[in-house]
Structure formats: structure tokens, C-alpha cells
Amino acid sequence: MKTEKSLLILFLFVASNGYAQIRFGDWFEKKSLRVDFALSGDSERQQAALQQMREEPAWGGPVKNLIDTFYYGGYYVNLYDKAGKQLIYSRGFNTLFEEWRSTEQAKRETQSWTNSVSVPFPKKETVLEITGRDRSDMQFHTLMTLDIDPSSIFIDRGKLNDNAVTQIQYKGDPASKVDLVFIAEGYTAREEKKFEADAGRFAESLFNTPPFDARRNDFNVWAVALASGESGTDVSGKGVFKNTALNAGYYTFGVSRYLTTPDMKSIRNAVWNVPCDAIFILVNTDMYGGGGMYNFYAMGTSDNARTPVVFVHEFGHSFAGLADEYFSSEVAYDEAFYNLEKEPWEPNITTLVDFGSKWQDLLPAHTPIPTPLNDEWKDKPGVYEGGGYLPKGIYRPMDHCMMRDYAPFCPACSRAILRMVDFLTDRAY
Ligand SMILES: [Zn+2]
């Protein structure tokens with residue numbers, strides 16, 4: 001009897017925190033509210049401030065999985081009812097600004113970067129909150145709250161440029177598919193056909209890679225042929241600067257092969273009328289390089305021989321929140337990038353502080369933790385030291401993986417990818 005009562009209490013607790021009762025149609029219209037905001041600060045502190053809000057015509061995200069319980073990323077956007085009590089939508093994300101905060105430069109100067117989130121468009125007055133994760137406790141703390149009135153005159157409802165949008169692959173209603181959007185960067189108007197062919201080629205390389213191969217039918221793929229004034233991209237370390245639509249460039253944080261753009265506003269402007277769960281920016285150059293941040297964007301180049309596999313690696317970051325499993329290459333971060341006293345949030349690395357929350361259930365019986373890199377174990381899932389840019393103190397799930405050296409995705413990464421596909425296609429995850 002006592003057990004039954006405990007179970008009932010437990011059930012009520014789960015029901016009230018399980019978020020299953022939030023019905024999309026009660027709270028939202030199938031449009032987006034885009035919120036652009038500045039993140040500013042340095043290595044020690046950061047703050048957020050509103051820049052603009054826009055009503056945009058498409059919503060490609062889930063309509064059932066409205067609460068994101070992965071807890072990935074350095075930030076969360078949360079929507080609450082008017083009283084600020086009931087959570088009705090949430091989603092984690094990362095930013096390039098958060099990476100910049102780990103650089104030497106951020107110890108000496110302050111910067112301000114534009115960021116942007118899109119949430120389903122509320123029907124009623126709601127409260128929007130942006131939280132940031134503090135590396136010292138790994139918890140999310142409030143950076144900004146806004147009262148949202150969906151009829152407000154301060155929400156821009158205007159159209160933006162009608163770029164040429166092509167369906168590379170259409171498998172069904174965007175609410176129940178992952179909508180992957182390629183955006184052209186450094187392609188002139190005359191190179192539109194090249195961009196569409198390049199985007200199709202990269203979609204194929206993704207769908208030929210396990211575990212994405214088994215989930216091809218869960219993806220819609222779109223291509224936005226944004227026209228740039230010049231071909232190519234900035235290579236600032238070599239004095240090359242091009243007039244391009246998204247202002248991308250190499251030498252991010254001084255790293256020659258690190259290709260990104262801080263221009264989030266132009267990226268969101270490019271996809272204003274396209275259902276969008278994941279963005280891949282395709283840069284028209286044959287140089288090696290790329291970058292990807294969780295639920296932000298990934299970037300790669302069109303014509304380098306290694307690009308198809310670099311694309312899949314970067315997409316692993318941006319789509320599934322996967323960490324780099326390598327630890328010996330040139331990186332811009334000092335040791336502060338991961339706090340070794342805490343468990344990192346990424347699903348494919350561990351500090352062993354809370355390994356039970358990671359891939360322990362995927363290990364063969366009697367696997368030693370940490371796992372020695374010898375003939376008996378080296379080809380099996382384990383807990384191998386080295387990962388997340390550090391040779392000591394961080395552990396990876398297999399010796400080799402797409403997130404280390406472009407080998408097939410390890411079991412921990414594969415599971416994280418499949419869970420994200422399930423989340424974005426409104427399945428149980
Ligand atoms: Zn992996």
C-alpha cells in the first residue's frame with residue numbers, strides 16, 4: 001500500500017514535470033518568433049540584451065517535443081506562460097561567442113556579438129528567458145527575460161528578400177521531419193547552379209554515412225541560393241577579403257583552418273521563410289576547413305577533396321552537440337575550455353565525474369574504466385583517455401571516431417545523433 005502511494009506520488013511528479021500536457025495549438029501558431037540579441041562580455045562574465053523581434057512565416061521545429069531535455073549547449077531559450085510559472089517551450093544552443101570567451105583575447109578585452117533564436121510564435125502573452133551556463137557550476141543562470149505580447153507593434157512583421165529556395169529532398173510535413181537548410185556563401189548569382197549541385201552532393205555524403213543512412217526519410221533538405229558579390233571567402237591571415245553575403249572567413253580566433261562567421265543576423269535573414277531545424281553554410285572555395293556549434297550552424301567548403309567527410313564531422317557538432325574527440329591538434333582554447341572538476345554536457349566525452357550519465361550502458365561487460373589502449377580493448381567501446389582538446393583528464397568512447405579523425409561514428413555519437421533525429425521528428429527520444 002505504501003509502495004502504491006509512493007508510485008502514485010512519483011507518477012504525479014513525473015506527469016507535472018514531464019511536459020506532456022502542453023499542446024502546441026493551445027499556445028502557439030505555426031509561425032516563428034525570431035529574437036535577435038547581443039551577447040557581450042569577456043572570459044569572466046557575459047550579459048544579454050534584446051536587439052529585435054520578428055514574426056516569420058515558417059515553423060519547422062517539433063510540435064510535440066516542445067521541451068528540450070537534452071540540456072546540451074551553453075545557453076537555453078525558455079518560454080513560460082504569462083505568470084512565468086509554466087514552462088511551455090525550451091531549446092538549448094551554443095554560440096561562437098561562448099567559444100570566444102575561452103580564448104586568451106577574452107581575458108584582456110570585451111566584445112559584443114549578435115545571436116538569434118527562433119521559437120514557435122506565441123498566441124498569448126508569454127515570458128521569454130535566455131539563460132547561460134556558468135562553467136564553474138555547469139548550471140544555467142538567467143541572462144535576460146522579456147515579456148512577449150504577440151500583438152506588439154515592436155515585432156517586425158515585414159518580408160525579407162525572396163532568395164531562390166530549392167527542395168533538394170522533400171519527405172513530408174516539416175513539423176515531423178528534420179529540416180536541413182544549406183545556405184550559399186561566396187557564390188555569385190551566376191554560380192547558383194553550382195551551389196545547388198554542391199548542396200545535393202553534400203546531402204548524399206551525409207545520407208551515405210551511418211547512422212544518417214538509416215534515417216534519410218526523416219529529413220527534408222532545402223538549399224537557399226543566397227547571392228554574394230564575389231566568389232570565395234575571407235582568408236584574413238593572408239590578406240584576402242571578399243564581399244560575401246554572410247561575411248564568413250578563416251582564421252577564427254587566429255586558427256588558419258577554422259572557418260566561421262559572426263554574422264548571425266544575415267544567416268537568420270537568409271532562412272526567414274524556410275522551415276529550419278539545422279543550418280549548413282556551404283562556402284564556395286577549395287580550401288580545407290570548417291566549423292560547427294550545437295544548434296547554431298555548421299560550415300564547410302565546397303571543393304576541397306576532404307570536404308564531404310569534414311561536412312559530416314561539423315554537422316555532428318551542430319546537429320547532435322558532439323564534442324571533438326581529438327586532443328593533439330592546433331586549437332585556440334586554453335585549458336579552461338572544459339572544467340575537469342565537472343561533467344561536460346557533450347554526450348561523447350566524459351571527465352568521469354558523472355560517467356553514469358554518458359555511454360556506460362554501451363560498454364561490453366568487464367570493460368576497465370579507464371580502458372587501456374591495448375590489443376584486447378582498442379577496437380571496442382570503452383573509456384579512452386584523451387579528447388576535447390586535452391590528452392589528460394577527458395575520455396572518449398572509442399579510439400577512433402568521426403569526431404576524432406573521420407573514422408565511422410562511435411556508438412556514443414551514433415546514439416546521440418539518432419536521439420536528436422527522434423526529438424526533431426516528434427518521436428519519443
Ligand atoms: Zn564519437
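For (1) farther than 24 Å from Gly25 by Cα; (2) assigned to a strand (DSSP E or B); (3) at pLDDT below 95; (4) more than 26 Å from the chain's Cα centre (by Cα), each residue gets a yes or a no:
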{"position": "Phe121", "(1), (2), (3), (4)": "no, yes, no, no"}
{"position": "Thr142", "(1), (2), (3), (4)": "yes, yes, no, no"}
{"position": "Thr145", "(1), (2), (3), (4)": "no, yes, no, no"}
{"position": "Pro150", "(1), (2), (3), (4)": "no, no, no, yes"}
Taking the criterion of being closer than 28 Å to Ser90 by Cβ and either outside the structural domain of Leu259 (by TED's automatic domain parsing) or surrounded by fewer than 16 Cβ atoms within 10 Å (Cβ to Cβ) (or both), would at least one residue in the range 201-211 satisfy it? no
Given the criteria under 30 Å from Cys410 (Cβ atoms) and in a helix (DSSP H, G or I), does Ala214 qualify? yes
Tally up the residues in the range 35-76 that are surrounded by fewer than 17 Cβ atoms within 10 Å (Cβ to Cβ) and touching a Gly at 6+ places or on another chain (Cβ under 7 Å), please. 2
Test: residue in the range 346-363 that is in contact with an Asp or Glu (Cβ under 6 Å, 6 or more places away or on another chain), without any contact (Cβ under 8 Å) to a residue 60 or more places away in the chain and within 11 Å of the ligand (Cβ to nearest atom): no
The range 383-429 - residue that is touching a Ser or Thr at 6+ places or on another chain (Cβ under 6 Å) and under 22 Å from Ser176 (Cβ atoms) and, of those, nearest to the ligand (Cβ to nearest atom): Thr425
Scan the range 397-418 and report the pairs whose first residue is on the phi > 0 side of the Ramachandran plot and whose second residue is more than 7 Å from the ligand (Cβ to nearest atom), with Cβ atoms within less than 6 Å and a gap of 6+ or a chain change. Tyr406/Val309
How many residues of the range 351-393 are among the hydrophobic types (A, V, I, L, M, F, W, C), at pLDDT 95 or above and closer than 20 Å to Tyr338 by Cβ? The answer is 6
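The values are calculated or read from the model by the stated rules, or taken from the named source; none is laboratory data. As the structure is a prediction and not an experimental result, all values here were calculated from the model. Positions of Cβ are generated from backbone atoms using ideal geometry, with glycine treated the same way; all protein chains shown enter the neighbour counts.
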